[in-house]
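The values are calculated or read from the model by the stated rules, or taken from the named source; none is laboratory data. As the structure is a prediction and not an experimental result, all values here were calculated from the model. Cβ placement follows ideal geometry from the backbone for every residue including glycine, while neighbour counts extend to all protein chains displayed. Ligands, DNA and RNA are excluded from the accessible area calculation, which covers all protein heavy atoms including side chains. Shrake-Rupley method; radii C 1.70, N 1.55, O 1.52, S 1.80 Å.
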Amino acid sequence: MYAQMVKTAGSGVKSREEMTQEERDFQDRIDRGEKIEPKDWMPDDYRKTLIRQIGQHAHSEIVGQLPEGNWITRAPTLERKAILLAKVQDEAGHGLYLYGAAETLGVSRDDLTEDLLAGRMKYSSIFNYPTLNWADMGAVGWLVDGAAIINQVALQRTSYGPYSRAMVRICKEESFHARQGYHIMMKMANGTPDQKRMAQDALNRLWFPALMMFGPSDKDSVHTAQSMAWRIKMDTNDELRQKFVDQTVPQIEYLGLELPDPGITLNKDTGHYSYADPDWSEFFDVIKGNGPCNTDRLAARNKAWDDGKWVRDGLMAHAEKKAARVAAE
Ligand code: BYC
């Protein structure tokens with residue numbers, strides 16, 4: 001466990017001897033599986049890592065509304081429209097739970113938002129890819145929410161209490177999201193030849209970006225060793241990616257679609273599928289801001305923030321008046 005992690009070469013994780021007594025006591029709590037709560041003592045870097053990860057996670061939920069929100073008015077039936085609308089609203093709620101969890105660490109929601117809008121904080125790479133047609137709504141729900149669940153189910157056991165509790169609630173809703181996406185794929189894969197072709201094309205385009213959601217390969221992941229020692233992350237990026245591939249390949253086969261990577265093969269000895277890595281240079285380019293939709297996504301979020309100023313100002317004025325009234329009573 002932790003003792004093995006500290007020896008990871010070049011991980012930057014402190015050995016027990018290098019820790020202060022407070023840090024050792026903190027690590028012991030983590031190793032016993034205790035939850036850390038907002039008022040507990042924690043190392044500065046633990047706090048910073050959580051703010052970075054939870055903040056990015058919250059931003060992903062909010063930015064993640066854009067590629068799907070774009071299809072609400074064009075959903076093919078009233079029922080599909082209502083389902084997609086509910087899903088996109090859920091993502092806003094997930095963002096709010098996560099901003100709430102981040103705020104318990106002493107950072108304000110406005111500061112996090114400003115960092116996102118100025119391009120100082122990241123959000124998931126996947127949302128920098130376009131959603132071109134209705135089949136993409138199926139593939140996003142199935143693959144993107146499917147990948148998010150695999151990561152988030154593990155995070156339900158994360159060491160920071162408010163983050164872990166937010167994950168429990170989010171995971172329940174994510175299961176519905178993934179199911180609705182797969183349902184769209186089932187309809188299309190069993191529909192007309194054109195619909196099946198669209199389903200295949202959406203799978204082919206979104207497969208590698210979905211694999212990238214788990215982050216760089218373990219050898220290039222800068223934060224994994226320390227985050228696992230602190231049980232902020234419960235699994236490595238490659239472990240979660242493998243789980244996703246193992247879960248998704250049989251689903252592709254059930255749909256009767258072709259595998260998006262001809263190299264996918266089941267290794268009978270390990271029980272796992274081998275698969276091709278995504279193009280990591282593309283991934284690093286996307287997270288640096290150079291993906292197909294980065295500029296549009298940030299412009300849309302900036303516009304929403306500016307357009308919403310009158311609402312925030314109105315709410316603040318109302319709150320101030322109410323506080324003054326209460327104080328005068
Ligand atoms: N995209 O050391 P590493 C969803 C960055 S969406 C962008 O492995 P870490 C949903 C990473 O931040 C899913 N950046 O990092 C919403 C770091 O850069 P910095 C959202 C990425 O943190 C709406 C650098 O690369 N889920 O739910 O240990 C509709 C090195 O990486 C990405 C979460 O956010 C990426 N994909 O591990 C539908 C889950 N990957 O910060 C669905 C919570 C890596 O040093 N987050 N980077 O500049 C995590 O579990 C972890 O943060 C990650 C990365 C596994 C993503």
Quick one: Leu98 ticks every box in (1) more than 11 Å from the ligand (Cβ to nearest atom); (2) within 24 Å of Asn294 (Cβ to Cβ); (3) open to solvent by less than 30 Å² (accessible area, probe 1.4 Å) except a single one, so which number is it? (1)
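If you check Arg74, Arg120, which single one turns out to be over 24 Å from His183 (Cα atoms), of a type outside the set (A, V, I, L, M, F, W, C) and modelled with pLDDT of 95 or more? If you could, list the steps in order and put the result at the bottom.
Numbers: Arg74 fails: over 24 Å from His183 (Cα atoms).
Of Arg74, Arg120, the one residue that is over 24 Å from His183 (Cα atoms), of a type outside the set (A, V, I, L, M, F, W, C) and modelled with pLDDT of 95 or more is Arg120.
Just give me the residues in region 54-74 being within 13 Å of Leu112 (Cβ to Cβ) and open to solvent by 30 Å² or more (accessible area, probe 1.4 Å), in sequence order. So that I can check it myself, show each step before the final result.
Residues of region 54-74 within 13 Å of Leu112 (Cβ to Cβ): 54-63.
Gln56, the sole residue that qualifies.
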Within region 85-141, how many residues are of a type in the set (Asp, Glu) and more than 17 Å from Asn302 (Cβ to Cβ)? 4
Could you figure out which of (1) surrounded by 24 or more Cβ atoms within 10 Å (Cβ to Cβ); (2) in contact with a Gly (Cβ under 7 Å, 6 or more places away or on another chain); (3) not small (Gly, Ala, Ser) isn't true of Leu143? (2)
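Answer with yes or no whether Leu112 is in contact with a Gly (Cβ under 7 Å, 6 or more places away or on another chain), under 17 Å from Gln56 (Cα atoms), more than 11 Å from the ligand (Cβ to nearest atom) and in contact (Cβ under 8 Å) with a residue 40 or more places away in the chain. Talk me through it step by step, then tell me what you get.
On the way: in contact with a Gly (Cβ under 7 Å, 6 or more places away or on another chain): yes; under 17 Å from Gln56 (Cα atoms): yes; more than 11 Å from the ligand (Cβ to nearest atom): yes; in contact (Cβ under 8 Å) with a residue 40 or more places away in the chain: yes.
Yes: the conditions hold for Leu112.
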Sort out which residues of region 77-109 are without any contact (Cβ under 8 Å) to a residue 60 or more places away in the chain and aromatic (Phe, Trp, Tyr), and write them in order of number. Tyr99
Among the helices (runs of 4 or more DSSP H) lying completely within region 238-329, list those that include at least 2 residues that are within 14 Å of the ligand (Cβ to nearest atom), under 30 Å from Lys196 (Cα atoms) and open to solvent by less than 60 Å² (accessible area, probe 1.4 Å). 280-285, 294-307
Taking the condition of being charged (D, E, K, R) and either within 7 Å of the ligand (Cβ to nearest atom) or surrounded by fewer than 24 Cβ atoms within 10 Å (Cβ to Cβ) (or both), how many residues in region 119-140 meet it? 2
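Each row is one residue, and each column tells you yes or no for (1) within 13 Å of the ligand (Cβ to nearest atom); (2) at pLDDT below 95; (3) part of a helix (DSSP H, G or I).
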| residue | (1), (2), (3) |
| --- | --- |
| Val107 | no, no, no |
| Trp142 | yes, no, yes |
| Ile149 | yes, no, yes |
| Glu173 | yes, yes, yes |
If I ask for residues that are assigned to a loop (DSSP other than H, G, I, E, B), surrounded by 21 or more Cβ atoms within 10 Å (Cβ to Cβ) and near the ligand (Cβ under 8 Å from one of its atoms), which ones from region 200-231 would you list? Met213, Phe214, Gly215
Quick check on my filter: what residues within region 181-199 are of a type in the set (A, V, I, L, M, F, W, C) and either away from the ligand (no atom under 16 Å from the Cβ) or under 16 Å from the mean Cα position of the chain (by Cα) (or both)? Met186, Met188, Ala189, Met198, Ala199
